[in-house]
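The numbers here are math on the coordinates, done by the rules we state, and not lab data. All figures in this text were calculated on a predicted structure; none of them were measured in a lab. Here the Cβ positions follow ideal geometry from the backbone for every residue, glycine too, while neighbour counts run over all protein chains shown.
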Amino acid sequence: MTEQTYYTLPIRIYYEDTDFSGVVYHAAYLKFFERGRTESLRTCGVHHSEMLKRDEPLAFAVRKMTTEWITPARIDDLLEVRTWFVSAKGARMNLRQEIWRDDQMLATADVEAACMSLDGRARRLPKEFIERFGVDRRPG
């Protein structure tokens, strides 16, 4: 697989993201990863609001996520969420995400998301989505 472009999203750490000691609470990273995925989709021209307006409305749901917290972020840090589309096949897409502070990686996530109808049934990813993601149809 060729090296792919990653999408970036800057995140500033606020008091609400931290515990009493000023360290980012682990669950806050999940929100940061979600925002990174959403902005990556938006950059590719895939908007959640437009997915809901299709003849058959579609949505994405995280099916599996493996995370690693390497070193903590702290209040007032400026972070960068980096997101890559790794693969897309059938109803599933796989993404790699990393959170960086300057030149230091703080956390990673490997994400499998499923495309589904609003009643929760798996649906094939539309071909135009896969093309916009710029990935092979094979698993990563």
Regarding the range 92-100, can at least one residue be identified that is farther than 30 Å from ARG12 by Cβ, exposed (fewer than 14 other Cβ atoms within 10 Å of the Cβ) and either in contact with a Leu (Cβ under 8 Å, 6 or more places away or on another chain) or among the aliphatic types (A, V, I, L, M) (or both)?
no
Among the residues listed as THR38, THR67, the single one being out of contact with any Pro (no Cβ under 6 Å at 6 or more places or on another chain), free of Cβ contacts under 8 Å to residues at least 24 places away in the same chain and surrounded by 14 or more Cβ atoms within 10 Å (Cβ to Cβ):
THR38
Members of the range 1-58 found to be among the aromatic types (Phe, Trp, Tyr) and either within 14 Å of LEU78 (Cα to Cα) or within 18 Å of the chain's Cα centre (by Cα) (or both), listed by number
TYR6, TYR7, TYR14, TYR15, TYR29, PHE32, PHE33
Considering the range 15-39 alone, what residues qualify as being farther than 16 Å from ARG92 by Cα and hydroxyl-bearing (Ser, Thr, Tyr)?
TYR15, THR18, SER21, TYR25, TYR29
If you go through the range 60-98 one residue at a time, how many are more than 14 Å from the chain's Cα centre (by Cα) and either hydrophobic (A, V, I, L, M, F, W, C) or closer than 19 Å to THR38 by Cβ (or both)?
7
Residue in the range 51-62 that is closer than 20 Å to PHE85 by Cβ, surrounded by 15 or more Cβ atoms within 10 Å (Cβ to Cβ) and free of Cβ contacts under 8 Å to residues at least 12 places away in the same chain present:
yes
For the range 9-32, state whether one or more residues are under 17 Å from PHE133 (Cβ atoms) and part of a strand (DSSP E or B).
yes
Quickly run through the range 6-31 and pick out the residues that are more than 13 Å from ALA107 (Cβ to Cβ) and surrounded by fewer than 10 Cβ atoms within 10 Å (Cβ to Cβ).
PRO10, TYR15, GLU16, PHE20, SER21
